[in-house]
Amino acid sequence: MITREQINELAQFEDQASCALSFYFQPTPPRNKAHKEEAILTKDLAREALRHLEGGSKCESARADLDRIVRLSQEYRNNGVRGNGVRAKAIFACSGQNFWREYDIPAQLGGTQLLADRHFHLKPLAQILGAFPSLGIVLVDRHRARLFDLRLGELTEREGFFHPLSRRGRGDGFGGYDGGHAQRRVEDEVRHHFKFVADFIKDALEKGMFEKWILGCQETHWPQVETQLHSYVSQKLLGRFSAEVAHASLDEIRSQAERIFAESQERRCREILGEAISQARANGRGVTGLRRVLNSLETGEVQTLFVGQNYHSQAVECAGCGHLDAHLVNFCPVCGRETRQVVDVSEAILPAVIRRNTELFYVKDDPEFDKVGNIAALLRFRSEQNNNVRSISEAPLNPAYSRKQGQVGRYRGLASG
């Protein structure tokens, strides 16, 4: 299972020879008994990747990785990975730098694809991670609790608590004389149980065991649980569902948690996107359009980024400092080095987004978002309103390079399925 540290490692990787290979394997139901479709597709993608790479040693360096990927795709098929429809595979390789990483991921990719570039292709991974964050699920009743961890679609039970209650009830003692005291003792034990669970959740959140959490309990228990939650814990609660601690199945827990998370994400995306667009119109903490978003990403202003599900736009990237520019200039306005064209800027911005842990939403079918260019950001601050800070777009071009003419630098290599 992929970790945040491993994702950051992928985001920081760069190979100047454009031999960084990204392979995503999506298992699909077979259309014939031979089960050869995926092996044929992978071979075709490998040949296409080689055509996009330059010849000589660069091509030979990538060929070994491509041959290994083709062999592994056949093993996935033979081992039944393709038939279970549960787990997909992601491979990131660059033999020139002795780099090879394999990860199991949920089988929710758009399809099998293989890409070659200077950086790893992380958009499919980013979309999956956005759909499957680290969630804690807590089931609780008056004397039991169970804690589950949901990561990348895999549900695992981590902890369990059992606090037995006193057996004495209202009928204890002569004529029930001691019953009231016994009942108060039981209620006090229940309250301490809920407080113990609430403190455990707070500690787990602070230690980063999970990012958000979901509660499963009977409606009658919720008021007592709620009073014990720290405000920080309440803010991290995405929702709750009715469940019996002892009898809830794993499938039921997973289904309820994924439903609650999807609803909360849709609600949050809609609210924050509306705020970003409104703030942009008021020249506040929001920007829309590719040029403004790129400037804000580079200055570290972006809190939440919104990109259209099928958004594609070209830009240029500096071969020296890595500056991205929406204007297709031949030379970098920051350092003067030659630029190269980026065929998919939504992919090129991901390394910076991942490194800075920027919240990212992929937006689908939003007319208001379409009107502002299908890319926007809500900002932490707006540096251009500070007189001491200038936007990249306002920086003058280096006179030594502004007079040069010619074509934009070579395209980033790309081969996809």
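The values are calculated or read from the model by the stated rules, or taken from the named source; none is laboratory data. It should be emphasised that the depicted structure is a prediction, and the values quoted were computed from it without experimental measurement. Quick reminder, even Gly has a Cβ in these numbers, built from the backbone with ideal geometry, and neighbours come from all protein chains shown. For the accessible areas, the whole protein counts, side chains as well, though only heavy atoms, and no ligand, DNA or RNA atoms are used. Shrake-Rupley method; radii C 1.70, N 1.55, O 1.52, S 1.80 Å.
Read through the list (1) open to solvent by 60 Å² or more (accessible area, probe 1.4 Å); (2) under 27 Å from the mean Cα position of the chain (by Cα); (3) modelled with pLDDT under 85, then give the number of the only condition that residue 12 fails.
If we test residue 12 against (1) open to solvent by 60 Å² or more (accessible area, probe 1.4 Å); (2) under 27 Å from the mean Cα position of the chain (by Cα); (3) modelled with pLDDT under 85, just (3) comes out false.
State which residue is modelled with the lowest pLDDT when the search covers only the range 39-83 and only residues that are acidic (Asp, Glu) and open to solvent by 50 Å² or more (accessible area, probe 1.4 Å).
54
Hey, any hits in the range 353-360 for a residue that's in a strand (DSSP E or B), open to solvent by 10 Å² or more (accessible area, probe 1.4 Å) and among the aliphatic types (A, V, I, L, M)? Walk me through how you get there before you give the answer.
First, the residues of the range 353-360 that are in a strand (DSSP E or B): 359-360.
Imposing the further condition that a residue be open to solvent by 10 Å² or more (accessible area, probe 1.4 Å) reduces the set to 359-360.
Adding the requirement that they be among the aliphatic types (A, V, I, L, M) leaves 360.
Scanning the range 353-360, I find at least one residue that is in a strand (DSSP E or B), open to solvent by 10 Å² or more (accessible area, probe 1.4 Å) and among the aliphatic types (A, V, I, L, M), so the answer is yes.
Which members of the range 289-313 meet the condition of being among the β-branched types (Val, Ile, Thr) and either surrounded by fewer than 20 Cβ atoms within 10 Å (Cβ to Cβ) or farther than 15 Å from residue 344 by Cβ (or both)?
So in the range 289-313, the residues among the β-branched types (Val, Ile, Thr) come out as 293, 299, 302, 304, 307.
If the condition is that a residue be among the β-branched types (Val, Ile, Thr) and either surrounded by fewer than 20 Cβ atoms within 10 Å (Cβ to Cβ) or farther than 15 Å from residue 344 by Cβ (or both), then 299, 302, 304 are the ones that fit.
Is it the case that the range 304-312 has a residue that's in a helix (DSSP H, G or I) and of a type in the set (Gly, Ala, Ser)? Write out each step before concluding.
First pass over the range 304-312, keeping only residues in a helix (DSSP H, G or I): none.
For the range 304-312, residues in a helix (DSSP H, G or I) and of a type in the set (Gly, Ala, Ser): absent.
Just for the range 336-352: of the residues that are in contact with a helix residue (DSSP H, G or I) (Cβ under 7 Å, 6 or more places away or on another chain) and not in a helix (DSSP H, G or I), which one is nearest to residue 18 (Cα to Cα)? Steps first, answer last, please.
Just the residues of the range 336-352 that are in contact with a helix residue (DSSP H, G or I) (Cβ under 7 Å, 6 or more places away or on another chain), to begin with: 336, 342, 345-347, 349-352.
Filter again for not in a helix (DSSP H, G or I), leaving 336, 342, 349.
Working: 336: 22, 342: 13, 349: 17 Å.
It comes out as 342.
With respect to residue 95, determine if the residue is among the small types (Gly, Ala, Ser), open to solvent by less than 20 Å² (accessible area, probe 1.4 Å) and farther than 16 Å from residue 351 by Cβ. Spell out the reasoning first.
Values: among the small types (Gly, Ala, Ser): yes; open to solvent by less than 20 Å² (accessible area, probe 1.4 Å): no; farther than 16 Å from residue 351 by Cβ: yes.
So residue 95 does not fit the description; no.
For residues that are over 23 Å from residue 366 (Cα atoms) and not acidic (Asp, Glu), tally how many sit in the range 305-325.
In the first step, residues of the range 305-325 are kept if they are over 23 Å from residue 366 (Cα atoms); the result is 315-325.
Remaining after also requiring not acidic (Asp, Glu): 315-316, 318-324.
Total satisfying the criteria: 9.
For residues that are part of a loop (DSSP other than H, G, I, E, B) and open to solvent by 50 Å² or more (accessible area, probe 1.4 Å), tally how many sit in the range 361-372. First the steps, then the outcome.
As a first pass, look at the range 361-372 and keep what is part of a loop (DSSP other than H, G, I, E, B): 364-366, 372.
If we keep only those that are open to solvent by 50 Å² or more (accessible area, probe 1.4 Å) too, we end up with 364-365.
Count: 2.
Let me spell it out: the conditions are (1) at pLDDT 80 or above; (2) under 26 Å from the mean Cα position of the chain (by Cα); (3) among the β-branched types (Val, Ile, Thr), and residue 86 meets all of them except one. Which number is the exception?
Failing condition for residue 86: (1).
Which one is modelled with the lowest pLDDT among residues in the range 114-149 that are within 19 Å of residue 345 (Cα to Cα), open to solvent by 10 Å² or more (accessible area, probe 1.4 Å) and among the charged types (D, E, K, R)?
Across the range 114-149, the extreme among qualifying residues is 117.
Matching residues to (1) in contact with a helix residue (DSSP H, G or I) (Cβ under 8 Å, 6 or more places away or on another chain); (2) surrounded by fewer than 18 Cβ atoms within 10 Å (Cβ to Cβ); (3) assigned to a helix (DSSP H, G or I); (4) not aliphatic (A, V, I, L, M):
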{"position": "255", "(1), (2), (3), (4)": "no, yes, yes, yes"}
{"position": "260", "(1), (2), (3), (4)": "no, no, yes, no"}
{"position": "269", "(1), (2), (3), (4)": "no, no, yes, yes"}
{"position": "273", "(1), (2), (3), (4)": "yes, no, yes, no"}
{"position": "278", "(1), (2), (3), (4)": "no, yes, yes, yes"}
{"position": "287", "(1), (2), (3), (4)": "yes, no, no, no"}
{"position": "320", "(1), (2), (3), (4)": "no, yes, no, yes"}
{"position": "334", "(1), (2), (3), (4)": "yes, yes, no, no"}
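Restricting to the range 103-113, what's the tally of residues that are under 30 Å from residue 207 (Cβ atoms) and buried (at least 18 other Cβ atoms within 10 Å of the Cβ)?
Keep residues of the range 103-113 that are under 30 Å from residue 207 (Cβ atoms), which gives 103-106, 108.
Keeping just the survivors that are buried (at least 18 other Cβ atoms within 10 Å of the Cβ) gives 103, 105.
Within the range 103-113, residues that are under 30 Å from residue 207 (Cβ atoms) and buried (at least 18 other Cβ atoms within 10 Å of the Cβ) number 2.
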